[in-house]
Amino acid sequence: MKKVTQILVFSSLFILVLLASTSTFAQKIKPDADNAGLTLPAGFAALKVADNVGRTRHIAVNKQGAIYAKLERLDNGKGIAVLKDTDGDGRVETKTTFANYIGTGIAIKGNYLYASSNKEVFKYALNANGDIVDENAAATLVTGLVDKGQHNSKSLTLDNAGNIYVNVGAPSNSCQEKDRTKGSMGMMPCPILDSAGGIWQFKVDQLNQTYATGVRYATGLRNVVGLDWNNELNQLFVTQHGRDMLNNLYPDMYDTTVSAELPSETMYAINKGDNAGWPYIYYDHFKGKQMMAPEYGGDGKKTVDDKYINPAMAFPAHMAPNGLLFYTGNQFPARYKNGAFIAFHGSWNRSPLPQEGYYVVFVPYENGKPTGKWEVFADGFSGKTVVKNPRDAQHRPCGLAEGPDGSLYVSDDVKGTIYRIMYQK
Amino acid sequence: MQRIFIVLVVVIATFVSATAQTNNKLVAASVARGKTIYLQRCMVCHQADGGGVPKLNAPLDASSTVNGSDISKLVKYIVKGLNDRIEIDGEFYANAMPAANDLKDQQIADVLTFIRNNWSNKAGPITLTQVKQIRSKLK
């Protein structure tokens, strides 16, 4: 009996020591003294886990905490960087690269990593350590997507039923016969929508899919860069970049201030077959209405009702929502769970007004619906109080990912800084 | 004889400086008109500081082409637009620049003279005659 108690005491001590050591391990990750230059809500802290990775678009974090960064420019001929923290201090010590293409989209689902170029989608098997089994054995899932430079990011997300969703942005502002040209009319119907301006659905287990074998899941979306599968609702959500240049193209209808404040950037809850109305309408969050686009007979006043889906949320104009993530972790306080984080890349066409965005926003959700109020969650990426000209911004948020411990990672595509935001109390 | 020479030198010098002054005035007026066009038609993309938008719209400030001597190229960009995604000073730009073919020859000369003489740029003016000549050859 004595022996049994001894063993019990011993083993519980052992467990205690083990617990203590793992928690010290977690505590070893010290935030940067200046919180990586970010302003955060009380209780949150941040660190730069990596710097100068190269212009990083979207990111994915595996179960072991390694970061896969999709690069917009090749780094010694390679377009995906693998970043690892080998000593547990939270900062990246090793960087390796693979894949010979640039692009934006990257995601991990189950034992696979998915990544996109500006035309294709690839799939790589991961081993039990979360490492790529064979870097040279990419399976090509999708080929032949439209890439004409403008709006060519192929962002992606996956559902739980074996499908992958890929954005194909419209290589156009408002489907004019001559893009962005004063006096040029909108094409009716807009032929771009056949192969772009929407979200396409493909299978995760079929090779060499094309437009012909995929499904146009949703249309009328000008340029979606942020998209995420909401697991609570089992539904796709996307963030769209609204159109530009209302004043430049139609100075008689829109003054420079109105043009800087309109149209809204929008987030949509998407069901199969939805049409969000681009290029025929734009959204006006001041009026809460869909407005007829001037290229299609609009005059700044005519609304279009009951034809296209309404946004789940609208944001100020031109801020460029590039990353969307529904938070599922337990590290952050309960109000963040199942709410949406959005990385706003920051505007360029609000001049002469100062630019806006360049921050990460939180959208609280209640009962599967956004509350309608959004808040700036992480600010300070640009290193400027006011960004007058986009080239002045030191960093621009682009991608979001959740780490295995519930930390939020943010990528920057100016220099490739990777931020990690943690809750500390 | 010496006297006549001095008078001649003085007369020529006054003449030269006077034409230079009227020239400067003409250029200044062209720059001022060009600025108005820039604000309405170009600033949205190329920005108030001429710095463009990284990866999207090319900068005009410190651009080798804007400051360069290939004036035909500049006129052509305005008349035809630019959507070639060429490498510009080591970078690529994803946006499409629309043609501004509705601008008159003088307006094109003005806006180009403005962008060549603003921010850190210092390059010679572009004249109406030059634009006329180049534009007539563009199909």
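Please state which one of A:Pro370, A:Pro321 is within 23 Å of the chain's Cα centre (by Cα), open to solvent by less than 10 Å² (accessible area, probe 1.4 Å) and closer than 26 Å to A:Gly105 by Cβ.
Testing whether each residue is within 23 Å of the chain's Cα centre (by Cα), open to solvent by less than 10 Å² (accessible area, probe 1.4 Å) and closer than 26 Å to A:Gly105 by Cβ leaves just A:Pro321.
Across the range A:61-85, what is the number of residues that are open to solvent by 70 Å² or more (accessible area, probe 1.4 Å) and either under 17 Å from A:Asn118 (Cα atoms) or in contact with a strand residue (DSSP E or B) (Cβ under 6 Å, 6 or more places away or on another chain) (or both)?
So the answer is 3.
Could you list, ordered by first residue, the pairs with Cβ atoms under 6 Å in which the first is in the range A:186-199 and outside the structural domain of A:Gly226 (by TED's automatic domain parsing) and the second is surrounded by fewer than 19 Cβ atoms within 10 Å (Cβ to Cβ), at least 6 apart or interchain?
Listed by first residue and then by second, the contacts come to nothing, as the list is empty.
Can B:Gly68 be described as in contact (Cβ under 8 Å) with a residue 40 or more places away in the chain, surrounded by 13 or more Cβ atoms within 10 Å (Cβ to Cβ) and more than 14 Å from chain A (Cβ to nearest Cβ)? Give the steps one after another, and end with the answer.
On the way: in contact (Cβ under 8 Å) with a residue 40 or more places away in the chain: yes; surrounded by 13 or more Cβ atoms within 10 Å (Cβ to Cβ): no; more than 14 Å from chain A (Cβ to nearest Cβ): yes.
Taking the combined requirement at face value, the residue does not satisfy it.
Identify the single condition in (1) in contact (Cβ under 8 Å) with a residue 60 or more places away in the chain; (2) in a loop (DSSP other than H, G, I, E, B); (3) at negative phi that A:Gln394 does not satisfy, given that it satisfies every other one.
Among (1) in contact (Cβ under 8 Å) with a residue 60 or more places away in the chain; (2) in a loop (DSSP other than H, G, I, E, B); (3) at negative phi, A:Gln394 violates only (1).
Only residues in the range A:292-316 that are among the small types (Gly, Ala, Ser) count as the first member; pair them with residues that are open to solvent by 40 Å² or more (accessible area, probe 1.4 Å) and part of a loop (DSSP other than H, G, I, E, B), Cβ under 7 angstrom, at least 6 apart or cross-chain, and list the lot.
Once the first residue is among the small types (Gly, Ala, Ser) and sits in the range A:292-316, its partners that are open to solvent by 40 Å² or more (accessible area, probe 1.4 Å) and part of a loop (DSSP other than H, G, I, E, B) give A:Gly300/A:Met253; A:Ala314/A:His285.
For the condition in a loop (DSSP other than H, G, I, E, B), of a type outside the set (Lys, Arg) and touching a Leu at 6+ places or on another chain (Cβ under 8 Å), what is the one hit in A:Phe377, A:Phe381?
A:Phe381
A:Tyr211 is checked against (1) aromatic (Phe, Trp, Tyr); (2) touching a helix residue (DSSP H, G or I) at 6+ places or on another chain (Cβ under 7 Å); (3) away from every other protein chain (no Cβ under 14 Å) and fails just one. What number does that condition carry?
Evaluating A:Tyr211 over (1) aromatic (Phe, Trp, Tyr); (2) touching a helix residue (DSSP H, G or I) at 6+ places or on another chain (Cβ under 7 Å); (3) away from every other protein chain (no Cβ under 14 Å) leaves (2) as the failure.
Does A:Gln209 qualify as being assigned by TED's automatic domain parsing to the domain that holds A:Leu400, more than 21 Å from the chain's Cα centre (by Cα) and within 29 Å of A:Asn231 (Cβ to Cβ)?
yes
Is it the case that B:Lys55 is surrounded by 15 or more Cβ atoms within 10 Å (Cβ to Cβ) and either within 11 Å of chain A (Cβ to nearest Cβ) or among the charged types (D, E, K, R) (or both)?
Considered against the rule, which asks whether it is surrounded by 15 or more Cβ atoms within 10 Å (Cβ to Cβ) and either within 11 Å of chain A (Cβ to nearest Cβ) or among the charged types (D, E, K, R) (or both), B:Lys55 comes out as yes.
Would you confirm whether any residue within the range B:86-94 is at pLDDT below 95 and at positive phi?
Yes, the range B:86-94 contains at least one residue that is at pLDDT below 95 and at positive phi.
If I filter the range B:114-139 down to residues being open to solvent by less than 40 Å² (accessible area, probe 1.4 Å) and over 18 Å from B:Gly52 (Cα atoms), which single residue comes out as nearest to the chain's Cα centre (by Cα)? Reasoning before the result, please.
Of the range B:114-139, the ones open to solvent by less than 40 Å² (accessible area, probe 1.4 Å) are B:114-116, B:121, B:123-124, B:126, B:131, B:134.
Add one more test, that the residue is over 18 Å from B:Gly52 (Cα atoms), and what stays is B:123-124, B:126, B:131, B:134.
Details: B:Ala123: 8, B:Gly124: 7, B:Ile126: 5, B:Val131: 10, B:Ile134: 14 Å.
Filtering first and then ranking leaves B:Ile126.
Does at least one position in the range A:91-98 carry a residue that is polar (S, T, N, Q), part of a loop (DSSP other than H, G, I, E, B), open to solvent by 60 Å² or more (accessible area, probe 1.4 Å) and out of contact with any Lys or Arg (no Cβ under 7 Å at 6 or more places or on another chain)?
Residues of the range A:91-98 that are polar (S, T, N, Q), as a first pass: A:94, A:96-97.
Restricting the remaining residues to those that are part of a loop (DSSP other than H, G, I, E, B) gives none.
No; the residues of the range A:91-98 include none that is polar (S, T, N, Q), part of a loop (DSSP other than H, G, I, E, B), open to solvent by 60 Å² or more (accessible area, probe 1.4 Å) and out of contact with any Lys or Arg (no Cβ under 7 Å at 6 or more places or on another chain).
Pairs only if they're at least six apart or on different chains, beta carbon under 7 angstrom, first in the range A:329-349 and within 14 Å of chain B (Cβ to nearest Cβ), second hydroxyl-bearing (Ser, Thr, Tyr); list them, first residue then second.
Pairs that qualify, where the first residue is within 14 Å of chain B (Cβ to nearest Cβ) and the partner is hydroxyl-bearing (Ser, Thr, Tyr), are A:Gly346/A:Tyr358; A:Gly346/A:Ser382.
If you take the residues of the range B:71-112 that are basic (Lys, Arg) and either touching a residue at least 12 places away in the same chain (Cβ under 8 Å) or closer than 22 Å to A:Ser172 by Cβ (or both), which of them is farthest from the other protein chains (Cβ to nearest Cβ)?
Only one residue fits best here, namely B:Lys76.
Run B:Leu82 past the list (1) among the hydrophobic types (A, V, I, L, M, F, W, C); (2) under 20 Å from the mean Cα position of the chain (by Cα); (3) open to solvent by 60 Å² or more (accessible area, probe 1.4 Å) and report the number of the one that doesn't hold.
(3)
Kindly indicate whether any position in the range A:347-359 is buried (at least 20 other Cβ atoms within 10 Å of the Cβ) and among the aliphatic types (A, V, I, L, M).
Checked against the condition, which is being buried (at least 20 other Cβ atoms within 10 Å of the Cβ) and among the aliphatic types (A, V, I, L, M), the range A:347-359 yields no hits at all.
Anything in the range A:289-318 that is under 24 Å from the mean Cα position of the chain (by Cα) and among the small types (Gly, Ala, Ser)? List them, or say none. Working first, answer last.
Taking the range A:289-318 and keeping what is under 24 Å from the mean Cα position of the chain (by Cα), we get A:308-318.
Of everything in the range A:289-318, those that are under 24 Å from the mean Cα position of the chain (by Cα) and among the small types (Gly, Ala, Ser) turn out to be A:Ala312, A:Ala314, A:Ala317.
Considering each residue of the range A:397-425, count those that are open to solvent by 40 Å² or more (accessible area, probe 1.4 Å) and assigned to a strand (DSSP E or B), and give that number.
First, the residues of the range A:397-425 that are open to solvent by 40 Å² or more (accessible area, probe 1.4 Å): A:402, A:404-405, A:414-415, A:423-425.
Remaining after also requiring assigned to a strand (DSSP E or B): A:402, A:423.
Of the residues in the range A:397-425, 2 are open to solvent by 40 Å² or more (accessible area, probe 1.4 Å) and assigned to a strand (DSSP E or B).
Taking the criterion of being in contact with a Phe, Trp or Tyr (Cβ under 7 Å, 6 or more places away or on another chain), among the small types (Gly, Ala, Ser) and either buried (at least 19 other Cβ atoms within 10 Å of the Cβ) or modelled with pLDDT of 95 or more (or both), would at least one residue in the range B:27-42 satisfy it?
yes
Condition check: under 27 Å from B:Ile37 (Cα atoms) and either assigned to a loop (DSSP other than H, G, I, E, B) or among the polar types (S, T, N, Q) (or both). Does A:Ala317 satisfy that?
yes
The values are calculated or read from the model by the stated rules, or taken from the named source; none is laboratory data. No experiment lies behind these values; they were computed from the predicted model shown. FYI the Cβ positions are ideal-geometry reconstructions off the backbone, even for glycines, and counts take in every protein chain you see. Heads up: the accessible areas ignore ligands, DNA and RNA and are worked out on the full protein's heavy atoms, side chains in. Shrake-Rupley method; radii C 1.70, N 1.55, O 1.52, S 1.80 Å.
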